[in-house]
1. In the structure displayed, which of K12/K108; K72/K92; K12/K100; K9/K100; K40/K72; K40/K100 lie more than 21 Å apart, Cα to Cα?
2. So what J values fall out for region 34-47 if you push phi through Karplus, 6.51 cos²θ - 1.76 cosθ + 1.60 with θ = phi - 60°, rounded to Hz, Gly and Pro as x?
3. Quick check: net charge around L87, other residues with Cβ under 11 Å of its Cβ, Lys/Arg +1 and Asp/Glu -1?
4. Work out the charge dipole of the chain with +1 on the Cβ of Lys and Arg and -1 on the Cβ of Asp and Glu about the Cα centre, then indicate which of Y77, Y114, T93 is farthest towards its positive end.
5. For n ≥ 4 DSSP H runs only, could you compute -39500 (n - 2.57) per run for the chain, divide by its residues and tell me the 222 nm figure to the nearest 500?
6. About its Cα centre, what dipole magnitude does region 1-83 give when the only charges are +1 on Lys and Arg Cβ and -1 on Asp and Glu Cβ, stated in debye to the nearest 20?
7. Just tell me, in residue order, which DSSP H segments of the chain are both 15 angstrom or longer along the helix axis (alpha-carbon based) and at least 0.0 in mean Kyte-Doolittle hydropathy.
Amino acid sequence: MDELYKSLKILKFPDLIYAQNCIFMSRVEENLLPKTFKMKLSYRRDVHNYNTRASKRNQINIPNTNTHFFGKLSTTYQCIADWNDFLANHVKTSEDLCYKGIRGLLSKHFLSIY
């Protein structure tokens, strides 16, 4: 089954959601969406007075949640978690952060593991 996805260059549904979450967050970062999305975010660099790995990668604070369904499964939580994972594991250069860079990078990554 994986060969079919790879030959047709189609991402599996969970991988597609991950990619779309990362693309959404890149658009928020580039101010291509309304400011209300960015106003909800706090960056890790603003939390500490010293450098951390997360602050160097420009990662976003994941909000605290009390519930699983309305917290960890919410769109906000998932987008931020996917974005932080993307920054930590996939980004090597600043060109990787543009819209086309993210799409290409994630497509290559997921298709290579199928």
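Any read-out appearing in this document is the output of simple, stated calculations on the displayed coordinates, not a laboratory observation. Source: prediction; values computed, not measured. Virtual Cβ from ideal backbone geometry, glycine too; neighbours counted across all protein chains shown.
1. Values: K12/K108 13 Å; K72/K92 28 Å; K12/K100 19 Å; K9/K100 16 Å; K40/K72 16 Å; K40/K100 25 Å.
Beyond 21 Å between Cα atoms: K72/K92; K40/K100.
2. Result, ordered by residue: x, 5, 4, 5, 6, 5, 6, 8, 10, 8, 5, 5, 7, 7 Hz.
3. Values: positive: R44, R53, K56, R57, K92; negative: E29, D82, D85, D96.
Spelling it out: positives minus negatives among the neighbours equals +1.
4. The Cα lying farthest towards the positive end belongs to T93.
5. Details: 6 runs with 63 residues, N = 114.
Only helices count here, giving -16500 deg cm²/dmol.
6. That gives region 1-83 a dipole magnitude of about 300 debye.
7. Numbers: long enough: 13-29 (24 Å, 0.39); 75-89 (21 Å, -0.26); 99-113 (22 Å, 0.27).
Helices meeting the criterion: 13-29, 99-113.
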